[in-house]
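Colleague: My structure is below; once you've seen it, I'll send some questions.
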Amino acid sequence: MADGRIERFFKRHGDVRGREYRASLALFGFFFLITAAFYIIKPVKESLLIGARPAWWPYADLATALLIGFVVALNARLLDRLPRRTYLTASILFFIASLGAFWYVFDVHWRGQIQTPVADSSGVLFLLWAQTVIESRFPVIVIAFCFWADVFIAMSVTQYWIAVNDVFNPHQAKRLVGLFVMGGLLGGIAGSLVAALTTFAKVIRPENLLLICPFLLVLALVTVNVVYSGRLKVDAGAGDSRIAPASRVGYLESFRTVKKNGYLLLLASMLFSAIAAGTLINYQFKTVVARLMPEKDVRTAFIAGFFLVVLVVSTFFHAATSGRFLKSYGIRWAISLAPALLLLGSASVFAIPAGLLMAWVLAVRGGDKLFDNTLSQSVRELLYVPVPADIKYKAKVFIDMFVNKFATGLGAGIFLVLQAVRHFDYRGDDQTLAIVREIGVPTLAFLALWLVLTRLVYRRYPDVLKPEIRRRWVGAETAIAAHVDVDMTMKVFNTIQSRERSTTIYLMNLFDLVSHNELTPDLKELLGIKRDEIMAQGMDALLDVGGTGFFPGIEEVVDDPDIRREIDLIFLLPAYQEIMAKRLGEIVASASEVDRIEAAKIIGRMVPNAPTLEALGRLLRDPSAEVVLYALESAAVHRRPEHVPAILAQLANPMTRAEARTALAAYGPGIEDTLLPALRDESLSPDIARAVPEILARIGTQRAADILVGELARHREAIEPAVVDALFRIRCERPEVRFRKKDVKPEVLRLIRNCCDLVLASPGSAEGAAAVLSLRVKRVFDLLTLLHPPDDIVMAYQNILQGTPRSVDYALEHLDTMLDRELKTLLFPLVEDLPAADRAARLRRVLRLK
């Protein structure tokens, strides 16, 4: 499509992309035409009904409520048995034929029947009198027409949103819903304008307005066939896919679907209370208009003009606020705005005088229609989007047609009861005000219920999204931990490695495995420990460093609990400790690396007296990395504060870094502030600072988390990835640790802005820049887990990474329910599927606003 006015209009109001233009234009036109037709029909319907006695008003709504079940059943059967395109085409043709029939009854038949015997000027008076009698005393045709009009708009709107959901995915629908609502508003303006101008100017009679609508519906028929001509589900970026076939649905099945689904039940209840409140507000409106405007032509013109003004205001309101409100505040606040404001407006009727009644009723009824045309309509349809398609169609048939009209019927029943019990008197302004206030009491009750239910619906909304997004993979550490015991693997590796180096070390390692019940039969075979072939170092080797000798059958010995207990007791004997303490100094000073390794290993089983700890300190600074590894293992046992500097120094050595981290983590809570200087001292090796966050993560205390958040605020790029990884680990493993939003959110925003700057600095798709951006975005999502449930954030991030339109759409919608306005505004342009130029333009606009 050329970059002309239509494309610019669509981009401005709907953010239309790529291959979406054709379907968007057709759906825009479809909604425009059906709402134009309805807003020509609506003033005629309202005027005819208001012209009847007030006692008859509720019967039109009650007839709809009682008969809508048959319409729903028929509609469900048609939806079940016909292809969607055929079903919509047949429906539109039926409404075209019905309009012709009603026009004939209202205009040609009535006038022809009555005018035949009347030839003089008094015949005009007789005609008006007869028509008034038919409308006010025997309004069967009027009630039938009201029922038909209700069915027309209910079916047309339901069919329209079914078509939208057929063609677009959730996040697409959220982007485009503003455009579609704009089409409906413009159509309503066009229809109301035609009705108002023709009736004000008395160009045609009100009934003859019905002749205009068939032409509009014929054009709507064309747009329907354009939408379904290819039976494709549109993907703005990739190719299109086939529209899913219509789900088989019946009336009772629709009811059961809603009944057993908690979310749909809440949604139905919310819509029920909203429509019941709107119905009662409409009776307040009818009461005031009937009192002030008894003439049908004037009344029809006034109602058409009222709807014209409401729709014009709705259009500007929608263009200025609806899309921005949804993008900025999301469904959470948009869903509650209408009931909250209508509740305040309706309550004000108890404080106004009779002279302001017309202004009040126009404001409240206009506000109800304004929200119904804009924000409320958009939100209602978006609430359906994440519901699985097979459930959605069944539910919409029941909710949009049956629940809708049943709520209208309940409002009518309440008005009928009030009228019978309170004996309404319509003869004066004060009496009219009293009637409006009487109706206002149940209206306030339904508005309050509506407001409460909006909160309950929103609480369930994220849970409906979650089945569509799920973890695609687990982290590397989690995957390894689930299948491999890393600590056990290291013990086995050390045991195998030490076998050729030192029999003493080998036996000590072997004894460690047995002591922890880790020497399984499979492991014995792996280590070569066999009953008939065993040739291992004797017990004296365990008790005398450097000793020699063999002890056949050592596996039975070390497996014996009594023997293991005796060995432990031997290590604790004062005599043994004294002998070993005296020899440690000699061994540590020995030139033999094996001797120093054996000493480093045995120190872990010795009493931590001064000579032993002094020897351990020297071994922790040994030039041999292998000696240091065993010394670190012993240091993790004794956990002496004087050894911490030596252990920290080993963090700079790649060969000892992992064991040094383990040793420091073994100190546990209380060491956090000791590690803090090493984290912040920039004179030390950067490798030390980068290793400290993981140690704090292993400790996992509130103090460790606070230190890491504080370090994050220092903006040290060299260690920031390690700090973020550590915070993420604490959040996932220690849910009891708390993070303050005021501390974390500024850092999340800073990281997002850094990502934006990187995109704007490298607008192309350079491989290096893309890799850096990917890592930084990953950090953003890791930090978001500190503010929101980790599993939800991880699922959303993984679905965005997967990159399919459906996974990205649902992930963004899920994020939209969690993140606040500021975070969404900056983050979404980074992760949405946008062309590079559009992404850069949007980021510049967002950053300029910030």
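Colleague: Could you give me the residue pairs with C-beta distances under 7 Å whose first residue belongs to region 641-666 and is under 17 Å from A600 (Cα atoms) and open to solvent by 50 Å² or more (accessible area, probe 1.4 Å), whose second residue is at pLDDT below 90 and acidic (D, E) wherever it lies, and which are 6+ apart or on separate chains?
Modeller: E659/E633
Colleague: Check R703 against each of (1) without any contact (Cβ under 8 Å) to a residue 40 or more places away in the chain; (2) basic (K, R); (3) closer than 28 Å to L843 by Cα and name the one condition it does not meet.
Modeller: (3)
Colleague: Here is a follow-up. Do we have S254 as open to solvent by less than 20 Å² (accessible area, probe 1.4 Å), small (G, A, S), within 27 Å of R85 (Cα to Cα) and at pLDDT below 80 here?
Modeller: yes
Colleague: Given the criteria farther than 24 Å from R845 by Cβ, open to solvent by 20 Å² or more (accessible area, probe 1.4 Å) and touching a residue at least 24 places away in the same chain (Cβ under 8 Å), does L783 qualify?
Modeller: no
Colleague: Go through R703, R690 for me and flag whichever is closer than 19 Å to L775 by Cβ, among the charged types (D, E, K, R) and in a helix (DSSP H, G or I). Before the answer, list the steps.
Modeller: Values: R703 fails: closer than 19 Å to L775 by Cβ.
Residue meeting the stated conditions: R690.
Colleague: Considering each residue of region 393-437, count those that are open to solvent by 50 Å² or more (accessible area, probe 1.4 Å), without any contact (Cβ under 8 Å) to a residue 60 or more places away in the chain and either closer than 24 Å to M270 by Cα or not in a helix (DSSP H, G or I) (or both), and give that number.
Modeller: Total satisfying the criteria: 3.
Colleague: What helices (runs of 4 or more DSSP H) completely inside region 82-201 contain at least 3 residues that are at pLDDT 70 or above? Working first, answer last.
Modeller: On the way: elements: 84-103, 110-115, 122-136, 140-167, 170-200.
Once the helices (runs of 4 or more DSSP H) in region 82-201 are filtered for at least 3 residues that are at pLDDT 70 or above, what remains is 84-103, 140-167, 170-200.
Colleague: Could you check, for region 63-84, whether at least one of its residues is more than 38 Å from the chain's Cα centre (by Cα) and either under 28 Å from F306 (Cβ atoms) or among the acidic types (D, E) (or both)? Give the steps one after another, and end with the answer.
Modeller: Going residue by residue through region 63-84, those that are more than 38 Å from the chain's Cα centre (by Cα) are 63.
Okay, now just the ones that are also either under 28 Å from F306 (Cβ atoms) or among the acidic types (D, E) (or both), so 63.
Scanning region 63-84, I find at least one residue that is more than 38 Å from the chain's Cα centre (by Cα) and either under 28 Å from F306 (Cβ atoms) or among the acidic types (D, E) (or both), so the answer is yes.
Colleague: Here's a follow-up. Counting only residues that are modelled with pLDDT of 85 or more and aromatic (F, W, Y), which one in region 777-834 is nearest to D743 (Cα to Cα)?
Modeller: Looking at the filtered set, the residue picked out is F781.
Colleague: Here is a further query. Take region 269-281 and flag every residue that is over 19 Å from Y59 (Cα atoms) and buried (at least 24 other Cβ atoms within 10 Å of the Cβ).
Modeller: Result: M270, A274.
Colleague: Still on this model: Whether any residue in region 806-819 is closer than 29 Å to R459 by Cβ and open to solvent by 30 Å² or more (accessible area, probe 1.4 Å) is what I want to check.
Modeller: yes
Colleague: Please state which of the following conditions V594 fails to meet, knowing it meets all the rest: (1) modelled with pLDDT of 60 or more; (2) among the β-branched types (V, I, T); (3) open to solvent by less than 10 Å² (accessible area, probe 1.4 Å).
Modeller: (3)
Colleague: Is it the case that region 711-733 has a residue that's open to solvent by 10 Å² or more (accessible area, probe 1.4 Å), touching a helix residue (DSSP H, G or I) at 6+ places or on another chain (Cβ under 7 Å), more than 20 Å from P789 (Cα to Cα) and not in a helix (DSSP H, G or I)?
Modeller: Yes, there is a match, as at least one residue in region 711-733 is open to solvent by 10 Å² or more (accessible area, probe 1.4 Å), touching a helix residue (DSSP H, G or I) at 6+ places or on another chain (Cβ under 7 Å), more than 20 Å from P789 (Cα to Cα) and not in a helix (DSSP H, G or I).
The values are calculated or read from the model by the stated rules, or taken from the named source; none is laboratory data. A quick note: this is a predicted structure, and the numbers were derived from the prediction, not measured. As a convention, Cβ positions derive from the backbone with ideal geometry for all residues, glycine included, and neighbour counts pool all protein chains shown. What goes into the accessible areas is simple: the full protein's heavy atoms, side chains included, and nothing from ligands, DNA or RNA. Shrake-Rupley method; radii C 1.70, N 1.55, O 1.52, S 1.80 Å.
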